[in-house]
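To start, the structure under review is shown below, and the notes come after it.
Read the figures in this text as sums done on the coordinates, not as results from a lab. Given the structure is predicted, the values throughout are model-derived calculations rather than measurements. Cβ sites come from the backbone with ideal geometry, for glycine too, and all protein chains shown count toward neighbours.
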Ligand SMILES: NC(=O)c1ccc[n+]([C@@H]2O[C@H](COP(=O)([O-])OP(=O)(O)OC[C@H]3O[C@@H](n4cnc5c(N)ncnc54)[C@H](OP(=O)(O)O)[C@@H]3O)[C@@H](O)[C@H]2O)c1
């Protein structure tokens, strides 16, 4: 099969297309014919040896995909050859065939396109797990989303609205903010043109925000934290800005606020029943039209390297997808 290989760590331009053996599923795994794969931030980190969980070299990058099951490993129940699925292998998806754990593989609705399904699970499941189990977001609360037009950010905007929150979107350009508003955000702050803390305080007054969803980190984290209200929850989701922020611990004390980590991958492994309930909720919302996945760009398989570069250049809005097979 054709696969994009990472043979040494480095930029996406150094990845190579190779012909390799089709992999065999082990116990608890399925193999699927990849139809579409989406690009997630960890894909860009892994090829550079910058991610917290690194596969040994050489490896095939690609954390998320959708396709058709063509082999089922020992002990797998509930999935059959021929099922149309979305899944998170965490690596191996930028190839014609890939292996994924069954517990992170879901059968997709008949009317869901592979390109949409390929980018559905990671961002929406992270948003819902973050806001529901970790953030305890309540109807009527105010939430601030940083990087609100990126993959997980835009998903958090939609999920937050469906959970009844008032959503303030924050992003680096007016175009990105227009997208966040089109997906339900009530208010918008451009943090490359205005001071984030002052702008959010002007919107929320003395009350502050109840939940902050932060997949960006870097220099935005502390000013964002300073907009927190009483008993607020700051969700640490990711560090797309490239630096891990250090929050002075007097801030959670004086604000009586919590800093809460969100790790969806570990959650889905350790708490598979809650993950399955969350996925059922997400597919129900999708069927009702409550979730409107944004696929802003499609790349042919042979342009997979360009797709990863597109994400590293901060150009992604919603999701970008690699069409692996017709
Ligand atoms: N904790 C979890 O379980 C979990 C799950 C999935 C993803 N994540 C993490 O969440 C983060 C976002 O992932 P994603 O897939 O949503 O990525 P994405 O689509 O590229 O979105 C990231 C956003 O971060 C902002 N950003 C600020 N500085 C940036 C820079 N130097 N380069 C790129 N983006 C920058 C951009 O928004 P502006 O231009 O508007 O600032 C961009 O839209 C990553 O760190 C990822 O590892 C965590």
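Could you state the orientation-averaged shadow area of the convex hull built on the Cα atoms of the range 1-76, in nm² to one decimal?
Numbers: hull surface 21.8 nm².
So the Cα hull casts an average projection of 5.4 nm².
By DSSP, what percent of the beta bridges with both residues in the chain are antiparallel, rounded to the nearest 5?
Around 55 percent antiparallel, to the nearest 5.
Can you give me the Cα centroid spacing of the range 234-250 and the range 71-142 in angstrom?
26
Who wins for biggest fluctuation among 275, 298, 267 in a Gaussian network model of the chain, springs between alpha carbons below 10 Å?
267
Counting other beta carbons within 10 Å of each residue's own, what order do 13, 294, 271 fall into, fewest first?
On the way: 13 9, 294 19, 271 14.
Ranking 13, 294, 271 by Cβ neighbours within 10 Å, fewest first, gives 13, 271, 294.
Which of these, 304, 258, 296, has the largest mean-square fluctuation under a Gaussian network model of the chain (Cα springs below 10 Å)?
296
Give me the Å³ per residue figure for the convex hull around the C-alpha atoms of the range 124-265. It would help to have the intermediate numbers written out before the result.
Numbers: hull volume 13.1 nm³, N = 142.
Hull volume normalised by residue count: 93 Å³.
Once the principal axes of the Cα atoms of the range 90-140 are found, what is the range along each, listed largest first in whole angstroms?
For the range 90-140, the Cα extents along the three principal axes come out at 45, 25, 17 Å.
Computed from the mean reciprocal separation of all distinct C-alpha pairs, what Kirkwood hydrodynamic radius does the range 262-326 have, in Å? Don't jump to the answer; show the numbers that get you there.
On the way: mean 1/r = 0.0703 Å⁻¹.
14.2 Å is the Kirkwood radius here.
Estimate the FRET efficiency between residue 273 and residue 325 by the formula 1/(1 + (r/R0)^6), using the beta-carbon distance for r and 41 Å for R0, to the nearest 0.05.
Numbers: r = 33 Å, r/R0 = 0.80.
After rounding to 0.05, the efficiency reads 0.80.
If I stretch the segment between residue 206 and residue 59 completely, what's the gain in nm (0.36 nm per residue apart, minus their alpha carbon distance), one decimal?
Values: separation 147, 0.36 × 147 = 52.92 nm, distance 5.07 nm.
Once the chain is fully extended between residue 206 and residue 59, it gains 47.8 nm.
With labels modelled as points extended 7 Å from the Cα through the Cβ direction, what inter-label distance (nm, one decimal) is found for residue 287 paired with residue 219?
Placing both labels 7 Å beyond Cα along the Cβ direction yields 4.7 nm.
Dimensions of the range 76-190 along principal axes (Cα, Å, largest first)?
That gives 46, 29, 26 Å along the principal axes, largest extent first.
When a footprinting reagent is the concern and you count Cβ atoms within 10 Å, what order do 277, 175, 323 take, fewest first? Don't skip to the end; give the middle numbers.
Numbers: 277 13, 175 10, 323 17.
The most exposed by this proxy come first: 175, 277, 323.
Report the extension gain between residue 17 and residue 244 in nm, rounded to one decimal, defined as 0.36 nm multiplied by the number of residues separating them, less their alpha carbon distance. Numbers along the way, then the final one.
Values: separation 227, 0.36 × 227 = 81.72 nm, distance 3.29 nm.
So the extension gain works out to 78.4 nm.
Using a 10 Å cut-off around each Cβ, can you sort 230, 310, 264 from fewest to most neighbouring Cβ atoms? Please report the intermediate quantities before stating the final value.
Values: 230 11, 310 19, 264 24.
The order, fewest Cβ neighbours first, is 230, 310, 264.
Working from the pairwise distances between different alpha carbons, so that the mean of 1/r is found and then inverted, what is the chain's Kirkwood radius in Å? Intermediate values should be presented prior to the final figure.
Working: mean 1/r = 0.0501 Å⁻¹.
20.0 Å is the Kirkwood radius here.
How much of the pair distance distribution for the range 1-136 lies past 17 Å, counting alpha-carbon pairs only, in percent? All intermediate terms of the calculation are to be shown ahead of the outcome.
Numbers: 5403 of 9180 pairs.
Cα-Cα pairs of the range 1-136 separated by over 17 Å account for 59 percent.
Before rounding to the nearest 500, sum -39500 (n - 2.57) across all DSSP H runs of length at least 4 in the chain and divide by the residue total; then give [θ] at 222 nm in deg cm²/dmol. Kindly include the intermediate steps, with their values, before the conclusion.
Numbers: 11 runs with 93 residues, N = 326.
About -8000 deg cm²/dmol.
Measure off 7 Å from each Cα along the Cα-to-Cβ vector at residue 306 and residue 251, then give the distance between these two points in nanometres to one decimal.
About 4.0 nm separates the two model spin labels.
Can you tell me which of 67, 217, 242 moves the most in a GNM of the chain? Springs connect C-alpha atoms under 10 Å apart.
In the Gaussian network model the winner is 242.
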